[in-house]
Amino acid sequence: MPLNIFKLAVLVSGRGSNLQAIIDSIDREELDAHLSIVISNTKDAMALKRAEKYGIKTFFIDPSTYLNSKEYDKALVLKLKEFSIDLICLAGYMRILGEEVIQTFEKKIINIHPSLLPAFPGLNAQKQAIEHGVKFSGCTVHFVDSGVDSGPIILQTVVPVYHNDDEKSLSKRILEQEHYLYPKAIKMVKENQIKINDRTVTHKTR
């Protein structure tokens with residue numbers, strides 16, 4: 001492996017469709033990065049099986065074996081350091097990262113969220129959008145900070161909300177855009193195409 005390769009870690013809890021989008025982008029040589037490890041807090045996550053299919057290293061960190069979240073986070077930090085990770089991507093990771101993780105990897109953790117943040121942070125964003133009667137929703141890739149879906153925004157894509165949409169149909173259309181947007185944002189970070197100034201992310205022109 002070249003010394004200057006950009007090393008990714010993906011944290012997962014479920015099916016891993018955004019993980020698959022990242023894998024596919026690397027396979028198509030659209031994203032010049034090495035997916036070093038996929039880590040899950042769920043033993044039977046389908047995402048782990050996806051990664052194993054491609055020969056990617058996987059690791060299950062069992063929350064039940066740690067006294068508290070802080071101890072769990074210490075184990076997570078150690079595992080990530082072991083692989084000298086350049087960027088951590090959350091892909092349906094259903095745990096809140098603690099301060100130790102966020103501070104250790106400051107501005108090196110990103111997440112994708114199924115709404116146009118700052119609207120509808122947290123769980124069930126698509127359901128919130130339907131219940132509020134919005135005409136547009138979408139997805140957001142953002143840096144992770146100590147808040148809930150509150151970090152600086154890297155990229156967003158708008159998805160219309162139709163009058164006959166329900167949570168399932170809206171979620172499906174947003175997810176299609178997530179699969180395109182997430183690898184694009186990773187590439188921008190990898191290629192140093194962005195600049196963070198407080199809460200504002202600006203895109204550098206080449």
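The values are calculated or read from the model by the stated rules, or taken from the named source; none is laboratory data. These numbers come from a predicted model, not from an experiment. Please note: Cβ atoms are built from the backbone with ideal geometry, for glycine as well, and neighbour counts cover all protein chains shown. To get the accessible areas, we keep the full protein, side chains included, count just its heavy atoms, and leave off ligands, DNA and RNA. Shrake-Rupley method; radii C 1.70, N 1.55, O 1.52, S 1.80 Å.
Remark: segment 16-133 carries a charge dipole of roughly 240 debye about the Cα centre, counting +1 on each Lys and Arg Cβ and -1 on each Asp and Glu Cβ.
Accessible area per residue was computed with a 1.4 Å probe on protein heavy atoms; Tyr66 scores about 80 Å². The heavy atoms of Ser84 offer some 70 square angstrom of accessible surface to a 1.4 angstrom probe. Proximity of backbone amide H atoms, modeled 1.01 Å from N, is registered between Gly16 and Ala47 at under 5 Å, excluding neighbours fewer than 5 places apart on the same chain. In the chain, a dipole from Cβ-located charges (positive for Lys and Arg, negative for Asp and Glu) runs towards its positive end, and of Val101, Phe60, Ser84 it is Ser84 whose Cα lies farthest in that direction. Cα centroids of segment 1-66 and segment 134-162: 22 Å apart. Arg28 contributes an accessible area of around 140 Å² to the protein surface, as traced by a 1.4 Å probe with all chains present. Listed by chain and number, the lysines whose alpha-carbon sits under 25 Å from that of Lys107, ignoring those within fewer than 8 places in the same chain, are Lys7, Lys57, Lys70, Lys74, Lys79, Lys81, Lys184, Lys187, Lys190, Lys195, Lys204.
Rounded to the nearest Hz, the phi-derived 3J(HN,Hα) couplings of segment 88-99 under the Karplus curve 6.51 cos²θ - 1.76 cosθ + 1.60 (θ = phi - 60°) are 10, 10, 8, 9, x, 7, 9, 9, 7, 6, x, 4, where x marks glycine and proline. Only Cα pairs under 8 Å and at least 6 apart count here; give the relative contact order of the chain as a rounded whole percent. About 18 percent, as a whole number.
Using θ = phi - 60° in the Karplus curve 6.51 cos²θ - 1.76 cosθ + 1.60, the 3J(HN,Hα) couplings for segment 65-72 round to 8, 10, 5, 7, 5, 5, 5, 4 Hz; x is entered for Gly and Pro. Couplings for segment 133-150, taken from phi via the Karplus curve 6.51 cos²θ - 1.76 cosθ + 1.60 with θ = phi - 60°, read x, 5, 8, 9, 9, x, 9, 9, 9, 9, 6, 8, 10, 7, x, 9, 6, 10 Hz in order; Gly and Pro are left as x. For segment 1-59, GluC sites (Glu not before Pro) meeting the loop criterion (DSSP other than H, G, I, E, B) and having at most 14 other Cβ atoms within 10 Å: Glu29, Glu30.
When semi-axes √(5λ) of the Cα gyration tensor in Å is computed from the coordinates, the matching label among (i) 28, 19, 16; (ii) 26, 20, 18; (iii) 62, 17, 14 is (ii).
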